[in-house]
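The values are calculated or read from the model by the stated rules, or taken from the named source; none is laboratory data. Not measured: the values here are computed from a predicted model. We place every Cβ from the backbone using ideal geometry, glycine too, and count neighbours over all the protein chains shown. The accessibility values were calculated without ligands, DNA or RNA, using every heavy atom of the protein model including side chains. Shrake-Rupley method; radii C 1.70, N 1.55, O 1.52, S 1.80 Å.
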Amino acid sequence: MKFTEQLWQEISPIYSAILTHGFVNELTLGSLPSSTFQYYIQQDALYLTDFSRALNQLAARATTPNDMLSFTQFAQNAILVERALHESYFTLYDIQPETAKMPACFAYINYLLATTSLQSVAVGAAAVLPCFWIYREVGNYIHQRASQQNPYRSWIDTYASEAFDQSVSQMLALTDQYAENASAAEREKMRDAFRVSSRLEWYFWNDAYTQNRWLV
Ligand SMILES: Cc1ncc(CO)c(N)n1
């Protein structure tokens with residue numbers, strides 16, 4: 001079994017919780033209140049900018065030109081997706097960019113920046129992998145079920161697209177390659193990082209669904 005297949009098995013309960021979450025369910029049905037989606041998209045704009053920074057950090061620290069190129073391209077794509085998706089929804093809903101990260105976004109992004117900066121590139125790669133993989137799986141899941149009239153169609157199409165699928169496959173191959181060259185202890189850290197980020201993906205949607213804000 002590939003290392004990444006093992007990773008996916010280990011987050012199976014987390015992935016199930018994501019698929020059955022109210023946010024994903026209502027996004028699929030198109031019944032998600034636009035205020036909920038607005039909170040999500042505002043937080044996600046902040047997320048994607050720093051996600052790009054985390055990927056650039058891996059690009060700077062990777063040792064082969066091929067890996068550097070992959071990470072730089074991922075970093076660039078995150079900014080391009082942020083522009084395309086968020087500018088269209090920001091215009092559509094006439095919403096302002098948010099500057100404050102709410103708890104899940106704050107936790108997730110700080111975790112990704114710390115991990116890609118202070119841990120090995122292999123562990124950093126495992127930490128960013130759920131951002132790719134879970135979105136592809138959730139994107140496809142929703143795409144198969146959503147109607148053409150779904151108001152969140154362009155979001156759905158982005159993550160169910162062939163272009164995104166290719167990035168995800170590339171990121172999976174990269175992670176398997178890092179795992180092959182890693183020690184057993186290092187692979188353990190990669191598994192932990194993958195699990196932590198997967199969990200934070202759930203929290204990200206949960207914060208949007210509950211419109212969570214700092215309580216103090
Ligand atoms: C929180 C989150 N995770 C992953 C993605 C996809 O890169 C995204 N846009 N937002």
Can you classify region 136-216 as rounded, prolate or oblate using the Cα gyration tensor, where a ≥ b ≥ c are the square roots of its eigenvalues, rounded means a/c under 1.5, and otherwise it's prolate if a/b beats b/c and oblate if not? oblate
Classify region 1-131 from the C-alpha gyration tensor, please: rounded if a/c falls under 1.5, else prolate or oblate depending on whether a/b exceeds b/c. oblate
Mean Cβ-within-10 Å packing, highest first, puts peptides 124-132, 92-100, 20-28 in the order 124-132, 20-28, 92-100
In degrees, nearest 10, range 0 to 90: what is the angle between the Cα axis of helix 34-61 and the longest Cα principal axis of the chain? 20
Computed over the chain: longest principal axis from alpha-carbon atoms vs helix 121-145 long axis, angle to nearest 10 degrees, is 40
Taking a ≥ b ≥ c as the square roots of the eigenvalues of the Cα gyration tensor of region 76-216, is the shape rounded (a/c under 1.5), prolate (a/b larger than b/c) or oblate? oblate
Nearest 500 deg cm²/dmol is fine: what mean residue ellipticity at 222 nm does the chain get from its DSSP H runs of n ≥ 4 alone, each adding -39,500 (n - 2.57), divided by its residue count? -25500 deg cm²/dmol
Relative contact order (%) - criterion: Cα under 8 Å, at least six apart; region: region 3-209: 33
Quick one: accessible surface of Ser197, probe radius 1.4 Å, all protein chains present, in square angstrom to the nearest 10. 0
Suppose every Lys and Arg Cβ carries +1 and every Asp and Glu Cβ carries -1, with no other charges. What dipole size does the chain come out with about its Cα centre, to the nearest 20 debye? 260
